[in-house]
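Here the structure comes first, spelled out in structure tokens, and everything after it is commentary.
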Amino acid sequence: MAAAAPPPPPTPTPDPPITLPQTPTPPQTPLLFTRIRLSTPSDVPHIHKLIHQMAIFERLTHLFSATETSLSNTLFNSPPFQSFTVFILETSHLPFPLDQHHNNPLYPPSTHTFNLDTLLDDPESVTFGSNDTGVVIAGFVLFFPNYSSFLAKPGFYIEDIFVRECYRRRGLGKMLLSAVAAQAVKMEYGRVEWCVLDWNVNAIKFYEEMGAEVLQEWRICRLTGNTLLGYANN
């Protein structure tokens, strides 16, 4: 009788896989892409909303009577920089598309990217969305030429500059002012001027830190409404 075959050797226990420590992925810093571009007539509904928000902030809603129609009829009758001109401040969480504004020969848009500490929450992003690409309007500046007889040079007067509340204290107002100043330098103008409400101490400090001179000895004089109409028959 043949001998029984020996039992097979035991299967060796495999070594447990070596788990390497995972290097934590650093959190991505939120980015805010910004663009300043020339306005177009299609921006009027947003410009109107921005002016109304500015009137609320300045406590001057009792003086606000502009409509989308009146803005459309008055803002775009002359080439940019020869009369009333509006720069639109846009923001996006993605790089801006190469759209119709990208190659504007009258004013190529200026762009800047900001690193945010936290994601920016804009509760009005739908209201101020300018298209379906995630671009949102954050502010504007409206200006037009004036003239200094002392300098014998034209300049720009800023009628309105406004950044929506959730975008403030991020350098965007300075961007708007810098865009107007750069255009003045490009056109060899002599200066840029604007007014500030005396109670808006934060704005006054901001302008002074930019190097602007706040002229305490000057006062604004204005004829408007019935007072202005009264001079029509004089």
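The values are calculated or read from the model by the stated rules, or taken from the named source; none is laboratory data. Nothing here was measured: the structure is a model prediction, and the numbers come from that model. Every residue, glycine as well, gets a Cβ built from its backbone with ideal geometry; the counts of neighbours run over all protein chains shown.
Pairs are defined by a Cβ separation below 8 Å, a sequence spacing of at least 6 or placement on different chains, a first member in region 64-77 that is surrounded by 14 or more Cβ atoms within 10 Å (Cβ to Cβ), and a second member that is in a loop (DSSP other than H, G, I, E, B) and of a type in the set (S, T, N, Q); the pairs so defined are L75/S39; F76/T40.
Restricting the search to helices (runs of 4 or more DSSP H) fully inside region 131-234 and requiring at least 3 residues that are among the small types (G, A, S) gives 172-186. Among the residues of region 94-134, those identified as under 25 Å from Q53 (Cα atoms) and without any contact (Cβ under 8 Å) to a residue 60 or more places away in the chain are D121, D122, P123, E124, S125, V126, G129, N131, D132, T133, G134. Among the residues of region 187-234, the ones that are surrounded by 10 or more Cβ atoms within 10 Å (Cβ to Cβ), farther than 26 Å from R168 by Cβ and of a type in the set (G, A, S) come to 2 in all.
If the requirement is being without any contact (Cβ under 8 Å) to a residue 60 or more places away in the chain, closer than 23 Å to V180 by Cβ and in contact with a helix residue (DSSP H, G or I) (Cβ under 6 Å, 6 or more places away or on another chain), which of these qualifies: V141, V163? Step through it out loud before you land on a result.
On the way: V163 fails: without any contact (Cβ under 8 Å) to a residue 60 or more places away in the chain.
Checking each option against the conditions leaves just V141.
Flag: V86 does not match the condition of being modelled with pLDDT of 95 or more, hydrophobic (A, V, I, L, M, F, W, C), surrounded by 12 or more Cβ atoms within 10 Å (Cβ to Cβ) and over 22 Å from K174 (Cβ atoms).
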